[in-house]
Amino acid sequence: MPKRLSTAPPRFTMSPTGRDDLDEEAELSDAWVAGRAMKADGTARGGGEATPGPAEPAPGPGEALHDAGPAPDLPVEAPGSGQVRPLVAASWRRSARAHVSPDGAARVELDEDELADFRDGHPLAAAMPVIRELMAAYATDGEHLLAVCDAAGRMLWVEGHPATLRKARGMNFVAGARWSEAAAGTNAPGTALAVDRPVQVVAAEHFRHPVRAWTCAAAPVHDPHSGRVLGAVDITGGRRLAHPHSLGFVQAVARAAESQLALLGPAPGAGRASLAALGRDEASLSLGGRRVRLSRRHSEILVLLAHRPEGVGGGELLTLLYEDESVTPVTLRAELSRLRALLGPDVLRSRPYRLAGGVDADFAAVDRRLASGAVAAAAGEYAGPLLPASLAPGVVRLRERLAGRLRAALVDRGDPGLLADWAYSSWGEDDLVVWRALCAAVPAARLPPVRARLDSLEAELSAGATVLQRPGPHTRR
């Protein structure tokens, strides 16, 4: 059930690790309840470790909505109904933990030349004609904006009614600005990317105060071949958009964009399989127009064979897959037999074991980007560690090598936006080296929350705290 608005302040505590935790039992009345548990500089109130204490009194429902005006009638869980949707409450908490300032503004990260390069090379550029065909007239006639961002929340296109465009510049809702949830708080495109589903954010549901006069609806757009998130399509405007139809509309546009990408031609490497293994424990294989979700062991086998297109002998493959030296070749042959039955005899060949026709793997694409010096593109395609739960020796080496190369390239580049992508990700949130690099690179105006997080990590390290994290190069050193 959604939580009722309340004037009672939620309980806020600092955990022993220094991370802020809003009591899950607390009743939230406003995004600022989450934000007010932080000082203005982004550090936790109270200053010390494990110092529980109440936040400042939360505003009441009327105050929470004071600048958004009366909320329109919505059928379910509207902000004006005295309820906070669970999706919004969870987003507020994530925004507070990311030290998003409720009074801040989105930062513009791409200048005109960089923006042009990003647009030209981005897969969604091919879908823009159909997006404009479906949305442009609606946006202009309704005094709204259509926006399309990449998977990191960077706005690539923001178009629509001229007067609305001018107003949007006041909160940096412009092409080149980052509107990911970790950077800009609760907003439709950023939160849609965070939860990978369509999202509507109405008025006071936004985390940041300057955005509360706006309403937006967004849906993620996926690569039709690999399923990877490419970005999001968004409609932004005034309270007239606060209707369920807006969410359905933008979801339909996202599906149309995906269909357009599928119709434009086959995936890169026509006739080849496509393997997605970054950021997931079980890989997904697109093959002959069908998508196959693989078991963990089959995922490891395909990753290793994709990395070695020339083929791998049975004995070597056994050592790459199994930590336990007592595992026999019979066990491996049984796994390969099951995999061949799943994929077909014409896909998995033997003597040596190899994939017929080759495979386009997402981790190999990131590696190629790094080799060519395209660090930003590599970071954009990196969806997370390679099969993060795998303990197969060969996969562990590939995972550490790829993540280590990308991490080193980001630190060497010193781009605050790219470093922030890594630092605020699930795999980089405890990466001391990257947080130090981000602290050195970030502009002074955005330094306090970064400095606070770095101080917390260094305090843990000096105290000898043990932080659990996945094996790999992400371990602090």
Query raised in the report: Does the range 167-213 come out rounded, prolate or oblate, given a ≥ b ≥ c as the square roots of the eigenvalues of its C-alpha gyration tensor, rounded meaning a/c under 1.5 and, failing that, prolate meaning a/b above b/c?
Result: oblate
Query - Amide proton proximity set for residue 107, modelled H, under 5 Å, gap of 5+ - result: 178
Report summary line: Expressed in angstrom and rounded, the centroid-to-centroid distance over alpha carbons for the range 380-438 and the range 134-180 is 30 Å
Query raised in the report: What does the charge dipole of the range 192-292 about its Cα centre add up to, to the nearest 20 debye, if the Cβ of each Lys and Arg holds +1 and the Cβ of each Asp and Glu holds -1?
Result: 160 debye
Query raised in the report: How many angstrom lie between the C-alpha centres of the range 100-115 and the range 183-229?
Result: 16 Å
Query raised in the report: Using unit Cβ charges (K, R positive; D, E negative) and no other charged atoms, how large, in debye to the nearest 20, is the dipole of the range 115-213 about its Cα centre?
Result: 340 debye
Query raised in the report: Once amide H atoms are placed 1.01 Å from N in the peptide plane, what residues at a sequence separation of 5 or more from residue 230, or on another chain, have their amide H within under 5 Å of its amide H?
Result: 221, 222, 223
Query raised in the report: Listed highest first by mean packing, meaning other Cβ atoms within 10 Å per residue, what order do 151-159, 96-104 come in?
Result: 151-159, 96-104
Report summary line: Magnitude of the Cβ-charge dipole (Lys and Arg +1, Asp and Glu -1) of the range 304-383 about the Cα centre, nearest 20 debye, reported as 340 debye
Query raised in the report: Which whole-number percent gives the relative contact order of the range 275-385, counting Cα pairs below 8 Å spaced six or more residues apart?
Result: 31 percent
Query - 3J(HN,Hα) from dihedral phi, the range 118-133, Karplus parametrisation 6.51/-1.76/1.60, rounded to Hz, x for glycine, proline - result: 4, 4, 4, x, 8, x, 6, 4, 5, 9, 4, x, 6, 4, 5, 4
Query raised in the report: Do you know the relative contact order of the range 205-300, to the nearest whole percent, from alpha carbon pairs under 8 angstrom that are 6+ apart?
Result: 22 percent
Query - Charge tally in the Cβ shell below 14 Å around residue 178, where Lys, Arg are +1 and Asp, Glu are -1, residue 178 excluded - result: -4
Query raised in the report: What per residue convex hull volume, in Å³, comes out for the range 330-477 when only alpha-carbon positions are used?
Result: 131 Å³
Query raised in the report: Counting pairs of alpha carbon atoms under 8 Å apart in space and at least six apart in sequence, what relative contact order in percent does the range 157-316 give?
Result: 13 percent
Requested in this report: Using a cut-off of 10 Å between beta-carbons, work out the net charge of the residues near residue 439 (Lys and Arg +1, Asp and Glu -1, residue 439 not included).
Outcome: +2
**Report entry** Hz values of 3J(HN,Hα) by residue in the range 446-463 - Karplus curve (6.51, -1.76, 1.60), Gly and Pro given as x
**Finding:** 10, 6, x, x, 5, 4, 5, 5, 5, 4, 5, 5, 5, 5, 4, 5, 5, 7
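Read-outs throughout are calculated quantities, based only on the coordinates presented, and are distinct from any laboratory measurement. Computed from a predicted structure; not experimentally measured. In this analysis, Cβ positions are derived from the backbone assuming ideal geometry, glycine residues included, and neighbour counts consider all displayed protein chains.
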